[in-house]
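Notes follow the structure.
The values are calculated or read from the model by the stated rules, or taken from the named source; none is laboratory data. Source: prediction; values computed, not measured. Counting neighbours? That spans all protein chains shown, and the Cβs are built from the backbone with ideal geometry, glycine included.
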Amino acid sequence: MRDTVIFDFGGVITSSPFAAFNRLERERGLPIDLIRRLNATDPDSNAWARFERAEIDAATFDRDFAVEAKAIGHELRGRDVLALLYGDVRPRMVHALDWLKREGFHIGCITNNVPAGDTPRDPQAVAAVAAVLARFDHVVESSKVGIRKPDPRIYLMMCETLNKRPDQCVYLDDLGVNCKAAAQLGMAAIKVSGEGQALDDLCAALGIAPGHF
């Protein structure tokens, strides 16, 4: 029986930053999905990966991201991207977290993030995110543990903390590469493309009737 649900945060619990990335690209006349392409190039060693593992600070990320953009012919600073990272909390996802807790499920969060304090944020948004994170039994943050998805160690770290096997877990993420890594460990992986789709697929994975969330 799968009695544990592990969530990504950005793009799952909150709306995806990808739409904000595309708005910035359109405003600046940059190719659509340039930011995602930069983040996917050399995914273990690029500026984004190193920042999410807290190996560099915000100033270094700003500079190195700009160098990577320049190398493929575009002008874009890292600091301009950081301001777009945080979406809005999805109320139905929060309702699902509360339902799962009430019904005795274990819930965790694995998030690739950047060091706290290195990104501009509205105080109300910070408080809203903190209230959601407090609901989880455990949260694993890449910037604190020095490992980022899709490294299998970060999923196993969560399993060990919750005292669960991967095959007892459902995992939700908006990136296919992260879902693939979870599935290879034995988790039931759900690629999130929208709130309703994710919750319907979660019901199916848990063997409960749709509509609970």
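Observations on the structure shown:
- Qualifying residue in region 116-134 (condition: assigned by TED's automatic domain parsing to the domain that holds Ile190, touching a strand residue (DSSP E or B) at 6+ places or on another chain (Cβ under 7 Å), outside any strand (DSSP E or B) and of a type outside the set (A, V, I, L, M, F, W, C)): no
One line per residue, one yes/no per condition, for (1) surrounded by fewer than 15 Cβ atoms within 10 Å (Cβ to Cβ); (2) closer than 30 Å to Ala130 by Cβ; (3) not basic (Lys, Arg):
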position	(1), (2), (3)
Leu38	no, yes, yes
Glu52	no, yes, yes
Ala58	no, yes, yes
Asp64	no, yes, yes
Val67	yes, no, yes
Arg77	yes, yes, no
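- In region 28-60, the residues that are over 16 Å from Leu175 (Cβ atoms) and among the basic types (Lys, Arg): Arg28, Arg50, Arg53
- Residue selected from region 4-31 under the condition part of a loop (DSSP other than H, G, I, E, B) and within 21 Å of the chain's Cα centre (by Cα), by the criterion surrounded by the most Cβ atoms within 10 Å (Cβ to Cβ): Ile13
- Residues of region 64-80 classified as of a type in the set (A, V, I, L, M, F, W, C), under 23 Å from the mean Cα position of the chain (by Cα) and not in a helix (DSSP H, G or I), total: 1
- Residue under evaluation Gly87, criteria (1) surrounded by 16 or more Cβ atoms within 10 Å (Cβ to Cβ); (2) modelled with pLDDT under 95; (3) assigned to a helix (DSSP H, G or I), criterion not met: (3)
- Residue in region 160-171 that is of a type in the set (Ser, Thr, Tyr) and touching a Lys or Arg at 6+ places or on another chain (Cβ under 9 Å) present: no
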